[in-house]
Amino acid sequence: MLRIIRSKPFIIIAVTVLLLVLLGISGMNNSRLTWLNNIVSVPMKPLQSAVTSIGQSLKSGLSYFGDMDEVKTENEVLKTRVAELEKANRELVLLEEKNNELREALNLKDEFGDYSIIGANIIAVEPGNWFNVFTIDIGTREGIEVDYPVVTGMKGLVGKILTADYTSSKVLTIIDEDSAAAAFISKSGGGHAVVRGDINLKELGFCRLDFIPLDVDVEVGDNIETSGLGGIFPKGITIGKVIEVRKSSSELNRYAVIEPTLDFKQLEEVYVLKNISGNEPAGSVLK
Amino acid sequence: MKIRVIIYTVSIFIILLFQTTWLEHIRIMGVKPNLILVLVILSALINGYTEGAVVGAFSGLALDLVSGRTIGLYALLGLYAGLLAGYASRKLYKENYLVMLFFVFFTSVLYESAVYLLTSIGSEIHLLQAIALKAFPEAVYNSAVALIFYFIMIRINRRLQGEIKLARKY
């Protein structure tokens, strides 16, 4: 009996079964095994932060020498640009004041008023080639929980929190094929659709728009934003622009290729939106 | 034995650190090498399938914990990648670079195809496309990295074995 237990095939089978059980448990209920992730992620986090920032400063240090000429000409262009922008800015400040007055008058509820915004740095990315997940330097210690939306400022949707460890969390980007976000085609006569990642498109940094209503005429250049349905993402965050509409065999199978407003390869900082009102986001009843 | 465990643990930790940070900047054709997999295959080639399987399972587990998806997937695949590479090569002359490259390449393609198939259960599967776009370029990249790893690992291994012989002598 002891000989059987000590034999290599037996050990291999036993370990395989053990790992399959682990796989099953972690697949079923993520929350119970997150402490396991902390074993690696907590000691890893300061090192990843350090290595990433060393890499970034090396990169900028190296480019310093190469870019000197470029910088000089760019500086000239920028100076004139600054003057132009200052002028435009003054006008905009006036417009903003006007806008605020009108808003208050209409008593418009600010869509992001229910959220507090937490800044985070990207410190690491997925070890493999298949997924588009990255690690940020805040976690449950800072109050981050799974499914919190992640944005850059208010102009672009990045994704949502996939797992939250004690000091760091993983963000699933919208171009990952596991990701899906309820979207709205923002033009007159626009409708609801779903933005999903696609294995072929994500290489280019694009994602696809599925389930486009039949009566909606999607065109290149249409803006896509979150619809607020599904309860994860708040309404009105820009996702991207339609750059191509593809039709397969029938009209029912059409989908659109979307170029996100963000360049995911250039991201360094993001913001996590934390719901502070306690209210579920609009539309979550439909879940 | 103890030294071996320490060397592997430290190497896995360092490799994971770079795998998740700097490697992002040296992507070629959209892929980066899988350094952990290279380590597993080479340990199996150099020291046999038992060591390959153990290193595969433990480094896979570490990879699982870092990637933050279901725990156990990379551990299982690492276990079998180590077993396969070690077992298939057990009768071949190991210190031959061509044999080594052959095993790194094919185990990488198999491993990444398995990752793709197992993670896309329940959705559309385009295996050939996935192999052409990801697994194949990655396998080429892994083979190139393996040349450097192999050079280092062979030397560490010789030194460790030398110490064992010395210990026996006295």
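Derivation of every value follows stated rules applied to the coordinates shown; laboratory data play no part. If you're wondering where the values come from, they're calculated on a predicted model, not measured in any experiment. Neighbour counts are summed over all protein chains in view; Cβ atoms, including those assigned to glycine, are modelled from backbone coordinates with ideal geometry.
The angle between the Cα long axis of helix B:97-119 and the longest principal axis of the Cα atoms of chain B comes to about 40 degrees, rounded to the nearest 10.
Averaged over B:128-138, how many beta carbons belonging to a partner chain fall within 10 Å of each residue's beta carbon?
That average works out to 2.
Relative contact order of chain A: what whole-number percent is it, with Cα pairs under 8 angstrom and at least 6 residues apart? Reported as a whole number, the value is 16 percent.
Can you give me the orientation-averaged projected area of the convex hull built on the Cα atoms of chain B, in nm²? Display every interim value, and only then the final one.
Numbers: hull surface 41.0 nm².
Averaged projected area of chain B's Cα convex hull equals 10.3 nm².
Could you pull out the chymotrypsin sites (Phe, Trp or Tyr not before Pro) across the stretch A:144-214 that fall in loop regions by DSSP (anything but H, G, I, E, B) with no more than 15 other Cβ atoms inside 10 Å? Here the sparse-neighbourhood loop sites are A:F211. Enter the Cα centre distance for the pair the stretch A:123-141 and the stretch A:38-70, rounded to the nearest angstrom. Cα centroid of the stretch A:123-141 versus Cα centroid of the stretch A:38-70: 15 Å apart.
Among the lysines of chain B, pairs at least eight places apart or on separate chains and with Cα atoms under 23 Å apart come to 4. Of interest is the spacing of the C-alpha centroids, which for the stretch A:222-238 and the stretch B:70-97 amounts to 46 Å. Note on A:129-135: average number of Cβ atoms from other chains within 10 Å of each residue's Cβ is 6. Applying the Kirkwood pairwise sum to the alpha-carbon positions of the stretch A:174-219 produces a hydrodynamic radius of 11.0 angstrom. Taking other Cβ atoms within 10 Å as a rough exposure proxy, A:D137, A:D69 sort from fewest to most as A:D69, A:D137. Rounded to the nearest 10 degrees, the inclination of helix A:68-106 to the longest alpha-carbon principal axis of chain A is 80 degrees.
Show me the ranking of peptides B:23-30, B:142-149, A:18-25 by mean Cβ neighbours inside 10 Å, starting with the highest.
By packing density, highest mean first, the sequence is B:142-149, A:18-25, B:23-30.
Output the pairs from A:K202/A:K247; A:K87/A:K187; A:K170/A:K274; A:K98/A:K235; A:K87/A:K274 with a Cα-Cα distance over 27 Å in this structure; if there are none, say none. Table pairs above 27 Å Cα-Cα are A:K87/A:K187; A:K87/A:K274. Relative to the globular-protein estimate of 2.2 N^0.38 Å, the Cα radius of gyration of chain A stands at 1.24. Per residue of A:15-24, other chain Cβ atoms within 10 Å of the residue Cβ number 5 on average.
Compared with the dominant Cα axis of chain A, that is its longest principal axis, helix A:34-66 is turned about 50°.
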